[in-house]
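**Q** Have a look at this one before I ask anything.
The values are calculated or read from the model by the stated rules, or taken from the named source; none is laboratory data. Keep in mind that what you see is a predicted model, and the values were worked out from it rather than measured. Heads up, the Cβs are rebuilt from the backbone with ideal geometry, glycines too, and the neighbour counts pull from every protein chain shown. For the accessible areas, the whole protein counts, side chains as well, though only heavy atoms, and no ligand, DNA or RNA atoms are used. Shrake-Rupley method; radii C 1.70, N 1.55, O 1.52, S 1.80 Å.
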Amino acid sequence: MKTSVFLEKLQEELEEEETLTVDTNLKSLESYDSISLLSVIAFVDENFDKKIDTRHFKDVETVSDLMNVIGKENFED
C-alpha cells in the first residue's frame, strides 16, 4: 500500500481532522483512545490481513512505529 493512501485511510479511521504524517504522535491526538486503538487493529487486519497483538501497541507512539509493527515491506513510497 502506498504510504500516502495508508495515512489517508488511517486519518479517516481515527476520524481525525489533522493531516497525519509518519511522524505524527498518535498518543497526542485527541481522537486516539482505547476505542480508536481497536479500530486501528481492525483496520490493519482488514487492509493487511495481519493480526496485531495489543501488547505491540504499548510501544507504538508514532505512525511510523505503527508501520514498523505492520511491516515496512507492506508499504511503498
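**Q** Multiply the residue gap between His56 and Lys9 by 0.36 nm, knock off their C-alpha separation, and tell me the result in nm, one decimal place.
**A** So the chain would gain 14.9 nm between His56 and Lys9.
**Q** Of the options Thr54, Ser4, Leu66, report the single residue whose Cα projects farthest towards the positive end of the charge dipole of the chain (beta-carbon charges: Lys, Arg +1; Asp, Glu -1).
**A** The listed residue farthest towards the positive side: Thr54.
**Q** Per residue of the chain, what 222 nm ellipticity follows from adding -39500 (n - 2.57) for every DSSP H run with n ≥ 4, rounded to the nearest 500?
**A** -13500 deg cm²/dmol
**Q** So, one more: Would you grab the residues whose amide H sits under 5 Å from the one on Thr62? Only those 5+ places off in sequence or on another chain, please, with H modelled 1.01 Å from N.
**A** Residues meeting the criterion, in which the H sits 1.01 Å from N, are Leu26.
**Q** How big is the dipole moment of segment 3-74 about its Cα centre under a simple scheme where the beta carbon of each Lys and Arg is +1, that of each Asp and Glu is -1, and everything else is neutral? Debye, nearest 20, please.
**A** That gives a dipole near 380 debye.
**Q** Right, next: Given a 1.4 Å probe, how much area per residue of the chain is accessible, in Å²?
**A** 64
**Q** Mind listing the phi-derived Karplus ³J(HN,Hα) values for segment 62-68, rounded to whole Hz, using 6.51, -1.76 and 1.60 with θ = phi - 60°, and x for any glycine or proline?
**A** Working through the residues one at a time gives 10, 4, 4, 4, 4, 4, 5 Hz.
**Q** Here's another thing I want to ask about it. Report Rg/Rh for the chain, rounded to two decimals, where Rg is the Cα radius of gyration and Rh the Kirkwood radius.
**A** On the way: Rg = 11.2 Å, Rh = 12.3 Å.
Ratio of gyration radius to Kirkwood radius for the chain: 0.90.
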